[in-house]
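Worksheet: the structure to be examined is printed underneath.
The values are calculated or read from the model by the stated rules, or taken from the named source; none is laboratory data. Predicted, not measured: the structure shown is a model, and the values here were computed from it. With ideal geometry, Cβ positions are generated from the backbone for all residues, glycine too; neighbour counts draw on all protein chains shown. Side chains included, ligands, DNA and RNA excluded: accessible areas come from the protein's heavy atoms. Shrake-Rupley method; radii C 1.70, N 1.55, O 1.52, S 1.80 Å.
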Amino acid sequence: STMMHTSTAAEQRLQFRCNIELLHVVHIDRVLHFLGRRAITTNSHVWHEWSIADETALHTLVHCRNGHCLYDKHNIANIWCLCVYPNGIDADTKGQLLLCMDLIRLSPQLSFIECNFELIAYHQSMKI
């Protein structure tokens, strides 16, 4: 069967954004190392966006049990990963959407990294 769109239908989208400001980076060998094509340096910024618009994925988010986490399939600079707990992490946060940034690896060439990060979640409903 074919799906017909009407002017009253709406496309739903959940977007998460991450802005990371690297405040202080210490390299073991004093040589610059790179995240993809970007140098890991003090006073640099990393931006990332994760968009969920697939109807099945959105349904999964809505019906997640407490403590269940979904991960973005794209790592941020091969160091961090965004994850979302749609129904909280534990009993105290049940019913809350929590957005987290996990440290998944740190290059052996780095001895220290300090950063500020900002995580933003927003919902869009667009008429199609």
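The residue list 14, 35, 22 contains one member that is modelled with pLDDT under 85, under 16 Å from residue 119 (Cα atoms), more than 16 Å from the chain's Cα centre (by Cα) and not hydroxyl-bearing (Ser, Thr, Tyr), which is 22. Of the listed requirements (1) part of a helix (DSSP H, G or I); (2) under 15 Å from residue 18 (Cβ atoms), residue 92 misses just one: (2). Within the option set 27, 45, being open to solvent by 50 Å² or more (accessible area, probe 1.4 Å) and modelled with pLDDT of 70 or more holds for one residue only, 45. Of all residues in the stretch 55-68, those satisfying the criterion of being in a loop (DSSP other than H, G, I, E, B) and loosely packed, with under 14 Cβ neighbours inside 10 Å are 63, 65, 67.
Output the residues belonging to the stretch 42-92 that are of a type in the set (Lys, Arg) and within 17 Å of the chain's Cα centre (by Cα). Across the stretch 42-92, the qualifying residue is only 73. Among the criteria (1) free of Cβ contacts under 8 Å to residues at least 24 places away in the same chain; (2) open to solvent by 40 Å² or more (accessible area, probe 1.4 Å); (3) small (Gly, Ala, Ser), the one residue 121 does not fulfil is (1). I'm checking my understanding of the structure. Among residues of the stretch 87-113 that are at pLDDT 90 or above and among the charged types (D, E, K, R), which one is surrounded by the fewest Cβ atoms within 10 Å (Cβ to Cβ)? Among those residues, the one meeting the criterion is 92. Filtered by the rule that a residue be more than 13 Å from residue 14 (Cβ to Cβ), open to solvent by less than 40 Å² (accessible area, probe 1.4 Å) and not in a strand (DSSP E or B), the stretch 69-86 gives 69, 77, 79.
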